[in-house]
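Step one of this worksheet: look at the structure below.
The values are calculated or read from the model by the stated rules, or taken from the named source; none is laboratory data. Keep in mind that what you see is a predicted model, and the values were worked out from it rather than measured. Heads up, the Cβs are rebuilt from the backbone with ideal geometry, glycines too, and the neighbour counts pull from every protein chain shown. Note: accessible area is taken over every heavy atom of the protein model, side chains too, but ligands, DNA and RNA are not part of it. Shrake-Rupley method; radii C 1.70, N 1.55, O 1.52, S 1.80 Å.
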Amino acid sequence: MISVSHLTRRFGSFAALDDISFEVNKGEVVGFLGPNGAGKTTTMRILTGYLPATSGAVAVAGFDVLRQSLEARRRIGYLPESVPLYRELRVEEMLAFQARLHSLERGEARRRIPAVLERVGLLDRSRDLVGTLSRGMRQRVGLALALLPEPEVLILDEPTSGLDPLQRLEVRAILRELAQKHTVLLSSHILPEIEAVCPRVIIVHKGRIAADGTPTQLVQQLSGGAFVRLEALVGADVEAAKRMLGGIEGVRVVRDLGRRGVHHEFELEAAVDVREDVGAIAKLKGWALRELSYRVPSLEQIFARIALGEEPQAARSEPVAQPPAGTVSPMPSVVPPASNALPVSQPAATRQIYSLNPFDRGASRDLSAPVNVDAPAKVDAPQRPNA
Amino acid sequence: MELKSAVQTTGRSTRAGLWLRVGLAGALFAVLALLLTRLAERPSLRVRSDWTQAQENTLSPASLEVLSRLPEQARIDVFLRPAEFPLEELVIVAQERLRQLLLSIRDSSGGKVLLFAHDLSGSGADAARTRLFELGLREVEAGGLLVVSQDTRREVLRLRGDLADFDPGDPAGRMGPPVPARMVSFRAEEALVGALLKVGASDAPNVLFLRGHGELDPDNIELMGLSQLKTALESDGYRVGTHQFATAAAIPEDCRVLAILGPEQPFQEGEWAQIKRFVESGGRLIVAPGLENVPEKLALPDLLEPWGVRLSRNGFVARAPLGPGGTPQYGTNTAAQLWLERAAMNAHPITDPLRRAERRVIFNGTRALEIGRAMPGGTVLPLLRSTEEAWLDLPQDGARTQDWKPEAGERQGPFVLAAAIVFPPQAAAGTPRRTGPQERPEARVAVLGSAVSAINATFDTNRDFLLNTFNWCASRDWRVKVSAREVPQRRLDLTQPESVQRVWIWIALAPVLVCLVLGIVIAWRRRR
Amino acid sequence: MNGFTAIYRRELVGLFLGPLAWTLLCIALALQGVMLLFYLVGAQGDVDIALRFLLGDSFVFWVLCALVPPLLTMRMLSEESRSGLLEYLLTAPVTDLAVVCGKFGAALSFMAILWASVFAYALVLAACGAGIDWGIVCSSWIGATLCSGLFCGIGLLMSSLTTLPVLSAFAAVIANLVLMLLPLVARLVDWPILTGLVKWIDISSNLTSAFLYGVLDSAYVVFFVSWTALLVFLTTRSVEARRWS
């Protein structure tokens, strides 16, 4: 449905997009994730034909957006980030205008407008002036506008920005419903948004695609594995214990996180879940276990790392593996990440970042350490006696 | 692939380059617009459509013909000035109409007429004065004037007198009841076209009025004179002179039209032969018998007889005027005054424009004509015809007085009152005369039943008929025309206070109120 | 075409939903009405001259022409590009030309409605017993509308060049005044280049030479139409160029 190949877009000397390629198949729902200024909006504007590309080819529903612009635009429902609406019109008038812009027939428009309003839950507000609506309501009107021509492709730029959590949930519900019928490309800089709705995520950063795949795939491939956390009473010879843990098959790195009272804390980075092996060693050595947990790094952590400015692809010299144009790849293409380029494998680097997790209360925290999203209390005060 | 490369080439250009390209496209389009504008001004591509009821902005076909025949660019310098009381406003109206006319002339001329309006009072006064001196003028009289010029030939037309006539009236009522000032006539189109013709034409056709047999005098400005006819002919581009056989035996070679209006004495043998030979060699002649006397021998009837027109030697065509209640009244000499309307006119180039414009012609003291056999290869056509009630009123028993009643011996109408004769030049008359290098030599004679039809007293009524006759005779068929009708004036009577009040309310207040109310209604309905 | 009518309708409706159009209409009508009475009195009741003053031969007409179109068009592109509405329109399946033409058409229609007051005035005058030549009224109205179309084009172009409505209105008013005053200046300074230039773009003489006398002359119609088309074209290119910048 959407095919982007070698898309580059420069504003003067600044490259907003640098050789981006991806495909979205029919019926797919893809989240476009990236920090502000990563090039999400630029990509979407190019897709909708608002901006021309500096180079590269973009086709939507089989039509080149530059050459067959009108054909392509006819098949796109676009919700810009700012949700532009004529304030002086009523909701239904706004929709009627959209119907005329898309050359819908009168009867067709009359049938579809209530249906689409019903869908976004605005049927009872159809006589309201757009200018009097709240932000969330307007967002819904914008969605209704995008949906009205029953486009093959929906492109939604930050559909939940500026909404309160409740409205966000509502919009999310609508999006989930849309995902069943349309090909959707939606952008956000808020990860849970994307994770909640999109089976496939494209992470862009500084004008490049940093990652592309399902969240699980991304986690697996970007983080390079899982973490096992061990808190136990290992006795005096910490080094020996560490060596022993490091000897488990699959474990790449063992980190000593220091003492917590009488217990000692370790973190093991491994390709697979090695809890049973660790348990076996503990049993063998008679360590008193206080905690043995397994944790996969969340997508958010990966995203956050990318947002920090690490460019996983910068180190790579070989071109991006891209499915040949026209063929439908059975799996979302995943950019093979060079895991060693990710900060995950460089524990020494300690970075602070403003948390993007809305449930984090905006705390700053150490990102080189895994974070349990479900236990925010713990994250608040990471203890690093060794550091 | 091709697509991609194209995309890349557009992409490579910088922003400045893009703006340059936009600017270039804009400049190209601007040039196109300029070209289009210029092209649209070409006369062949230009279409004018006059939407006014009276076709105020449409020049008569004859005027357009003159404009299209202008050999070179002519220039009209306009110097307008306000006039003094009581003509102040009338002059403003006349100036407005003059301006309208000048614009029509300029736009219809296909670039052959340049218009320069000079401002005598404002900032351009100095330049205007300079130009005025260049044109050899010192002062501009009240109302203003305009100068039509081409090379060194110039024609000055004054608003008052040449373009329009005003009657100052007596608004103060010093001599009896107050009479408002009025515009008597506005004939700027003819005057301007005449002036253009005069400055543009290198050879003006020569009209000679024969004198010496008691004919009417073209220099006489009294009621029975022909001075107005002379002026009109001159402003229509003719050179007008007189010819007397006493001073010059032969009719000059350059004589285009010979006019014999109202001869009372017989011609002499030699003169007779001269005139005959002049016509039969392809000359042009306009003849009309006088009121007093038609000589028995060597007079007009004898001249016309062989060409196919018989002219009655005595008696006048009369028609009883209708009195109150529609009963005909006999016995007054107004019976000799014939108003000839549409029905009286034949479809001939001379009368056809008048017919179509529903003009009238007045003939006074008219002899009766009879159409005879035309010359071989020629035609004789009646121009004007009286109605059936007319009779030829003969003087009683040799006396000169007439009773103006139809009697037993008197012929009943209809009578032919004017006729046009055409025949090819006769070999016996010598080398044929030509009116123009391309034109076929052809004798043309216009016979009018009465010379009185051309005198100053009735000239304004008969003007178009007479000029058409001369132009037809001179083979200037393109000048055969009818002058513009009076343009209706559309005025609001401001003297009545009620009407002024009504206008105030409906014009100044009502639209604003309607607008306000509509605005408020819409704002109210859209408040939520 | 569909896009054009949709945008045209919305812009026109949008104009009349806001207070600006009504305010302008009220002020202009009040001015025109009062001035018409002055003209009538000044011309001794000559209806033709008064109507001629009303639609082209007077100071007030030119002031309205200089001020009203910029105020109409100032928000059409500049504010919409700020609010993102332009993005919405330009990503809809309509051409840029249709967007610009729709907006231009709306502004032009407003001016046509404003000048159509002359029909109401003529009706009133006819009811009061004055003879009216409807041909002159119609052609004057067409002329005034065509002329103000040119100024709408200028306003729209200025609106496409800036993102501040006030700035665009200001620039358009200045441009209008320059265009109007150029012939006067040329007459004063008598500078050959300027006189030559003025011959190409003398708006007032193009309006007052024929339309006001009841003549539709193709040369003058083409003058207005081609220059207006140029401005609309430039506006389209300028909107298009925005996409690159």
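Filter the range B:469-528 down to the residues that are more than 9 Å from every other protein chain (Cβ to nearest Cβ), in contact with a helix residue (DSSP H, G or I) (Cβ under 8 Å, 6 or more places away or on another chain) and at pLDDT 80 or above and list them by number. Of everything in the range B:469-528, those that are more than 9 Å from every other protein chain (Cβ to nearest Cβ), in contact with a helix residue (DSSP H, G or I) (Cβ under 8 Å, 6 or more places away or on another chain) and at pLDDT 80 or above turn out to be B:470, B:471. Counting only strands (runs of 3 or more DSSP E) that fall entirely inside the range B:216-298 and contain at least 3 residues that are open to solvent by less than 30 Å² (accessible area, probe 1.4 Å) and within 23 Å of residue B:421 (Cα to Cα), the qualifying elements are B:255-261, B:284-288. A count restricted to the range B:308-327 and to residues that are open to solvent by less than 70 Å² (accessible area, probe 1.4 Å), out of contact with any helix residue (DSSP H, G or I) (no Cβ under 9 Å at 6 or more places or on another chain) and either part of a helix (DSSP H, G or I) or at pLDDT below 85 (or both) stands at 3. What is the residue count in the range C:153-168 for residues that are part of a helix (DSSP H, G or I) and either out of contact with any Lys or Arg (no Cβ under 9 Å at 6 or more places or on another chain) or open to solvent by 40 Å² or more (accessible area, probe 1.4 Å) (or both)? Qualifying residue count for the region: 8.
So that you can scan it fast, the table gives a plain yes or no per residue for (1) touching a Pro at 6+ places or on another chain (Cβ under 7 Å); (2) surrounded by fewer than 22 Cβ atoms within 10 Å (Cβ to Cβ); (3) assigned to a helix (DSSP H, G or I):
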residue: B:414; (1), (2), (3): no, yes, no
residue: B:421; (1), (2), (3): no, no, no
residue: B:425; (1), (2), (3): yes, yes, no
residue: B:434; (1), (2), (3): yes, yes, no
residue: B:465; (1), (2), (3): no, no, yes
residue: B:470; (1), (2), (3): no, no, yes
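Of all the numbered requirements in (1) in a loop (DSSP other than H, G, I, E, B); (2) surrounded by fewer than 19 Cβ atoms within 10 Å (Cβ to Cβ), residue B:406 misses one, and that requirement is (2).
Taking the criterion of being among the polar types (S, T, N, Q) and at negative phi, the residues of the range B:40-84 that qualify are B:44, B:49, B:52, B:53, B:57, B:58, B:60, B:63, B:68, B:73. Only residues that are β-branched (Val, Ile, Thr) and either surrounded by fewer than 20 Cβ atoms within 10 Å (Cβ to Cβ) or free of Cβ contacts under 8 Å to residues at least 60 places away in the same chain (or both) were counted in the range A:131-188, giving 5.
Only one of A:124, A:128, A:157 is over 29 Å from residue A:71 (Cβ atoms) and touching a strand residue (DSSP E or B) at 6+ places or on another chain (Cβ under 8 Å); which? The conditions single out A:128.
To keep it simple, each residue is scored yes or no on (1) within 13 Å of another protein chain (Cβ to nearest Cβ); (2) closer than 22 Å to residue B:106 by Cα.
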residue	(1), (2)
C:142	yes, yes
C:147	no, yes
C:178	no, no
C:197	yes, yes
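Just wondering, is there one or more residues in the range A:142-155 that are touching a Ser or Thr at 6+ places or on another chain (Cβ under 9 Å), over 23 Å from residue C:12 (Cα atoms) and of a type in the set (Val, Ile, Thr)? Looking through the range A:142-155, at least one residue is touching a Ser or Thr at 6+ places or on another chain (Cβ under 9 Å), over 23 Å from residue C:12 (Cα atoms) and of a type in the set (Val, Ile, Thr).
All conditions but one from (1) more than 10 Å from chain B (Cβ to nearest Cβ); (2) crowded, with 19+ Cβ neighbours inside 10 Å apply to residue C:211; the one that does not is (1). Among the conditions (1) more than 30 Å from residue B:491 (Cβ to Cβ); (2) away from every other protein chain (no Cβ under 13 Å); (3) at pLDDT 90 or above, residue C:232 misses just one, which is (2).
When the criteria are applied in full, residue C:55 fails the requirement of being modelled with pLDDT under 95 and facing chain B (nearest Cβ under 10 Å). Scanning the range C:19-47 for residues that are in contact with an Asp or Glu (Cβ under 7 Å, 6 or more places away or on another chain) and open to solvent by less than 20 Å² (accessible area, probe 1.4 Å) turns up just one, C:45. Residues in the range C:48-60 that are surrounded by 24 or more Cβ atoms within 10 Å (Cβ to Cβ) and among the hydrophobic types (A, V, I, L, M, F, W, C): C:50, C:51, C:54, C:55. Taken over the range A:39-91, the criterion of being facing another protein chain (nearest Cβ under 7 Å), open to solvent by 40 Å² or more (accessible area, probe 1.4 Å) and free of Cβ contacts under 8 Å to residues at least 40 places away in the same chain is satisfied by A:66, A:67, A:70, A:82. One residue stands out among those in the range B:36-80 that are aliphatic (A, V, I, L, M), assigned to a helix (DSSP H, G or I) and more than 9 Å from chain C (Cβ to nearest Cβ): the one that is surrounded by the fewest Cβ atoms within 10 Å (Cβ to Cβ), which is B:64. Screening the candidates C:33, C:45 for the property of being closer than 30 Å to residue B:495 by Cβ, in contact with a helix residue (DSSP H, G or I) (Cβ under 6 Å, 6 or more places away or on another chain) and either among the small types (Gly, Ala, Ser) or at the interface with chain B (Cβ under 8 Å from one of its Cβ atoms) (or both) yields one hit, C:33.
Would you mind stating whether residue A:204 is under 30 Å from residue A:170 (Cα atoms) and part of a strand (DSSP E or B)? Taking the combined requirement at face value, the residue satisfies it.
Yes/no matrix, rows are residues, columns are (1) at pLDDT 85 or above; (2) buried (at least 18 other Cβ atoms within 10 Å of the Cβ):
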position	(1), (2)
A:217	no, no
A:223	no, yes
A:231	yes, yes
A:237	no, no
A:273	no, no
A:282	yes, yes
A:295	no, no
A:300	no, yes
